[in-house]
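Q: A single structure is presented below for examination.
The values are calculated or read from the model by the stated rules, or taken from the named source; none is laboratory data. Just so we're clear, the structure is a prediction, and the values are computed from it rather than from any experiment. Ideal geometry is used to build each Cβ from the backbone, glycine not excepted, and the neighbour counts take in all protein chains shown.
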């Protein structure tokens, strides 16, 4: 099951026509969806079993995939329409929002110094996606309510603002 589809893309890009003769065409959009889903799965497989199938997680990933494909489409149109004076900030914002969401679903690698690293739990873990048990360090990650110590352990600090 794909995270997005042409209907969601068209809804995101309200004033852009996508059909068999447009640039990009419906075939192009289908390929973009497959490519973006493959990239999302590759990145998520660092922590989750992919493809993700949980209903709540699919809502999040649908938004990510829709924004990423929509960004690709608007970039193609920007290249075709270069010099028309239109503001292209919305395209960049779609990509940034998709990346922000995706990065927040993955663990952050934290350098503890002295050659030691740990993984911090994601800021926004996918709520119903199974954890990929083959990835070391995920279950022992340092949460945002903990403070890493130089020895690599975790110490809880009451009332501390670690951010």
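Q: I need the full set of residues from the range 29-46 which are in contact (Cβ under 8 Å) with a residue 24 or more places away in the chain and over 24 Å from residue 106 (Cα atoms), in order please.
A: Passing the criteria: 29, 30.
Q: It is to be established whether one or more residues within the range 71-83 are surrounded by fewer than 16 Cβ atoms within 10 Å (Cβ to Cβ) and under 15 Å from the mean Cα position of the chain (by Cα).
A: No, that holds for no residue.
Q: Here is a further query. Could you grab me the full set of residues in the range 100-124 that are farther than 15 Å from residue 46 by Cβ, without any contact (Cβ under 8 Å) to a residue 12 or more places away in the chain and part of a helix (DSSP H, G or I)?
A: Selection gives 100 alone.
Q: I would also like to ask the following. Could you tell me whether residue 49 is in contact with a strand residue (DSSP E or B) (Cβ under 9 Å, 6 or more places away or on another chain), touching a residue at least 12 places away in the same chain (Cβ under 8 Å) and within 30 Å of residue 107 (Cβ to Cβ)?
A: yes
Q: Would you mind telling me which numbered condition in (1) in contact with a strand residue (DSSP E or B) (Cβ under 9 Å, 6 or more places away or on another chain); (2) surrounded by 14 or more Cβ atoms within 10 Å (Cβ to Cβ); (3) at pLDDT below 85 residue 117 fails?
A: Evaluating residue 117 over (1) in contact with a strand residue (DSSP E or B) (Cβ under 9 Å, 6 or more places away or on another chain); (2) surrounded by 14 or more Cβ atoms within 10 Å (Cβ to Cβ); (3) at pLDDT below 85 leaves (2) as the failure.
Q: Going by the conditions given, is residue 58 in contact with a helix residue (DSSP H, G or I) (Cβ under 8 Å, 6 or more places away or on another chain), within 18 Å of residue 123 (Cα to Cα), part of a helix (DSSP H, G or I) and touching a residue at least 40 places away in the same chain (Cβ under 8 Å)?
A: Against the criterion (in contact with a helix residue (DSSP H, G or I) (Cβ under 8 Å, 6 or more places away or on another chain), within 18 Å of residue 123 (Cα to Cα), part of a helix (DSSP H, G or I) and touching a residue at least 40 places away in the same chain (Cβ under 8 Å)), residue 58 does not qualify.
Q: Could I ask something else about it? In the list 51, 136, 122, 130, which residue meets the criterion of being surrounded by 13 or more Cβ atoms within 10 Å (Cβ to Cβ) and at pLDDT below 90?
A: 122
Q: A further question on this structure: Within the range 1-34, how many residues turn out to be assigned to a loop (DSSP other than H, G, I, E, B) and surrounded by 14 or more Cβ atoms within 10 Å (Cβ to Cβ)?
A: 9
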